[in-house]
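Student: My structure is below; once you've seen it, I'll send some questions.
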Amino acid sequence: MNGTVKPIRSESARFLVGGTRKGQGVVLLYPDKLASVRVYAEMWGYFVGPIVVAAAALPIARITGAWPEFYGALQAALGVMLGGAAGRAVDRGLAAKAVAEAPQGATIIPLDMIASLQTFRPTRLGSLFQGETLVVTTVDGTEYGFRGRTGLQNDIAGALAGLGREVRATTTGLAVNPRALNGEG
């Protein structure tokens, strides 16, 4: 498939392969594949954002002469949010470009190789910080995990159904049956 195809969806995530952490970046869903690319602009945005907001607010503080204590906390929170959002946007663009121009730098999972999808959501307080873990198992038994607030399971199931694959709900997630060849199944 040529490099001009845009992803159906892209989300920030931490990557796991066989249960071992393999970095963080962006997971991208294309009509025929699932790709993950390690990029770090979002992480850097969380650190640089508060510095940029503080630098922008410094002239205001000097003009007014008074800077109440709570403005510092507000400033830091705003910097983290803005820096993370800007970094996330940069990451998604860089990841899509990396898949199009240099796919050897990405982990590519062809949708035809997916055997099952499972989503694990932490309970209680952990759900506020960790998000969910989507585990994609391929026909060769390799498990790829994507941890974050991805919500990709339904989109992947839709893309698989669009390729003629049967996707059915199970007690542990979604099972994917191979495409029927010549009407046999």
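Student: Do we have Gly93 as within 29 Å of Ala41 (Cβ to Cβ) and outside the structural domain of Tyr30 (by TED's automatic domain parsing) here?
Tutor: yes
Student: Scan the stretch 96-103 and tell me whether some residue there is buried (at least 20 other Cβ atoms within 10 Å of the Cβ), modelled with pLDDT of 85 or more and not small (Gly, Ala, Ser).
Tutor: Yes, the stretch 96-103 contains at least one residue that is buried (at least 20 other Cβ atoms within 10 Å of the Cβ), modelled with pLDDT of 85 or more and not small (Gly, Ala, Ser).
Student: Of the conditions (1) touching a strand residue (DSSP E or B) at 6+ places or on another chain (Cβ under 9 Å); (2) over 15 Å from Pro103 (Cα atoms), Phe47 fails just one. Which one is it?
Tutor: Phe47 satisfies all of (1) touching a strand residue (DSSP E or B) at 6+ places or on another chain (Cβ under 9 Å); (2) over 15 Å from Pro103 (Cα atoms) except (1).
Student: Considering only the stretch 84-111, how many residues are within 30 Å of Glu166 (Cβ to Cβ) and not in a helix (DSSP H, G or I)?
Tutor: Residues meeting the conditions: 5.
The values are calculated or read from the model by the stated rules, or taken from the named source; none is laboratory data. Everything quoted here is computed from the prediction, not taken from an experiment. Ideal geometry is used to build each Cβ from the backbone, glycine not excepted, and the neighbour counts take in all protein chains shown.
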